[in-house]
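Written out below as structure tokens is the structure these notes cover.
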Amino acid sequence: PGPPLPWKQLLVGVVFRPSPTFWRMRDYAMWVPALIVTFLYGLLAVFGLDSARESVLDSTASTLAPYLLITGVVMVLGALLLGTVTHNLARQFGGNGIWAPTTGLAMLIMALTDVPRLALAIFLGGANPVVQLVGWATWLLAGLLFTMMISRSHEIPWPRALAASAIQLIAVLMLVKLGTL
């Protein structure tokens with residue numbers, strides 16, 4: 001497929017040119033962008049949840065820093081675990097992809113697709129109808145991107161790719177989206 005994409009092209013490509021990006025990166029690990037983006041997403045995700053935002057904003061700086069760092073690390077570990085499950089399911093359905101690229105791309109998809117909802121939730125609150133609508137739209141986008149990524153990187157038909165990414169989609173909905181929906 002060619003040499004790996006630099007991190008800027010990778011991040012833009014995941015959302016705006018997914019098919020060629022997934023094909024090109026199917027053989028390359030992208031741990032640095034995946035870990036950094038997911039960690040930063042985890043830091044900001046706290047502010048997208050109404051009750052968590054209130055408790056964070058009412059806390060002191062000495063309690064805030066560990067809380068945010070722990071949340072970022074937990075988000076990274078959760079995304080890593082979900083990406084691994086998605087990879088293993090794709091392999092069970094006949095896929096031939098590699099673990100590191102699949103997991104890295106899954107982490108990026110999970111974090112990047114939720115950025116619009118998170119940005120609105122930080123300012124409008126999670127209960128706002130616009131935030132909820134954007135949340136459902138970005139969840140559907142994540143499903144499309146997960147399916148496309150698994151189909152391209154594991155070379156399996158889209159119904160199997162959708163089935164392989166179903167657990168991750170449900171987990172993203174329950175853990176990230178429903179916290180604000």
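The values are calculated or read from the model by the stated rules, or taken from the named source; none is laboratory data. Since the structure is predicted, the reported quantities are computational estimates derived from the model, not experimental observations. Cβ: placed from backbone, ideal geometry, glycine included. Neighbour counts: every protein chain shown. Calculation scope for accessible area: heavy atoms of the full protein, side chains included, ligands and nucleic acids excluded. Shrake-Rupley method; radii C 1.70, N 1.55, O 1.52, S 1.80 Å.
Key figures
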quantity	calculated
Contour minus Cα-Cα distance for K8 and F123 (0.36 nm per residue)	38.8 nm
Where the Cα pairs of the stretch 7-180 fall when distances are cut into 10 Å bins, in %	11, 39, 33, 14, 3, 0
Per-pair calculated FRET efficiency, R0 = 45 Å: S19 and A61 via Cβ, rounded to 0.05	0.50
Cβ crowding within 10 Å averaged over residues, with 57-66, 102-111 ranked highest first	102-111, 57-66
Length released on extending from N96 to W158, taking residue separation times 0.36 nm less the Cα-Cα span	20.9 nm
Largest to smallest principal axis extent of the C-alpha atoms in the stretch 1-48, angstrom	39, 20, 14
Share of carbon and sulfur in the accessible heavy-atom surface of the chain [1.4 Å probe, %]	75 percent
Average accessible surface area per residue within the stretch 11-102, 1.4 Å rolling probe, Å²	51 Å²
Positive-end extreme of charge dipole, the chain - chosen from A90, L40, P66 (charges on Cβ)	A90
Phi to ³J(HN,Hα) by Karplus 6.51 cos²θ - 1.76 cosθ + 1.60 over the stretch 34-44, Hz, x for Gly, Pro	5, 5, 5, 5, 5, 5, 4, 4, x, 4, 7
Centre separation in Å (Cα based) which lies between the stretch 120-175 and the stretch 26-59	16 Å
